[in-house]
Amino acid sequence: MSTAVNSGGDPIPTSAVLMSASKHIATRCRNENVAFLKCKKNDPNPEKCLEKGQQVTRCVLGLLKDLHQSCTKEMDAYAGCMYYNTDEFERCRKEQQEFEKACPLQ
């Protein structure tokens, strides 16, 4: 199974894709996530944090696009394995290693 892409060629953020990219998301989108969580902690009104949430979404979607362009084959194999195995990392360690070798954390 290859990663599902939209008409623009960008990967669709399914749970398997997000789980596969989770380490990269944690690294690259850390500041956006922290800002969003601080906003949510300081103000329980969801409307107050919409812009912070949109920044997180933009960061993740941009990252997924970059990963898909940089290491398409490895990302597709890892996300496909995660999809097939209902997001169980233990069953996809080989694909994870190949993905992380092709697209190391930065």
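Some observations on this one:
- Computed over the chain: relative contact order in percent, which uses C-alpha pairs under 8 Å that are six or more apart: 37 percent
- Placing unit charges on the Cβ atoms only, positive for Lys and Arg and negative for Asp and Glu, gives the chain a dipole magnitude near 360 debye about its Cα centre.
- For Thr14 and Arg93, a Förster radius of 25 Å and the Cβ-Cβ distance give a FRET efficiency of 0.80, rounded to the nearest 0.05.
- Residues whose amide H falls under 5 Å from that of Val5, counting only those 5 or more places apart or on a different chain, are Ile12, with hydrogens built in the peptide plane.
- Convex hull of Cα atoms in region 61-106, direction-averaged projection (nm²): 3.1 nm²
- Nearest-0.05 FRET efficiency for Asn42 and Gln106, computed from C-beta distance (R0 41 Å): 0.85
- Projecting the Cα positions of Leu64, Asn33, Ala77 onto the charge dipole of region 28-84 (unit charges on Cβ atoms of Lys, Arg, Asp and Glu, taken about the Cα centre) puts Asn33 furthest along the positive direction.
- Whole-percent carbon and sulfur share, accessible surface of the chain, 1.4 Å: 52 percent
- What the Kirkwood sum gives for region 25-106 is a hydrodynamic radius of 14.2 Å, with every pair of different alpha carbons counted.
- For the chain, the solvent-accessible area with a 1.4 angstrom probe is 65 square angstrom per residue.
- Cross-link partners of Lys52 among aspartates and glutamates (Cα-Cα below 16 Å; sequence separation of 8 or more within a chain): Glu32, Asp43
The values are calculated or read from the model by the stated rules, or taken from the named source; none is laboratory data. Fair warning: this is a prediction, and the values are worked out from it, not measured in the lab. Backbone-built Cβ (ideal geometry, glycine too); neighbour counts: all protein chains shown. Please note that ligands, DNA and RNA were not included when accessible areas were found on the heavy atoms of the full protein model with its side chains. Shrake-Rupley method; radii C 1.70, N 1.55, O 1.52, S 1.80 Å.
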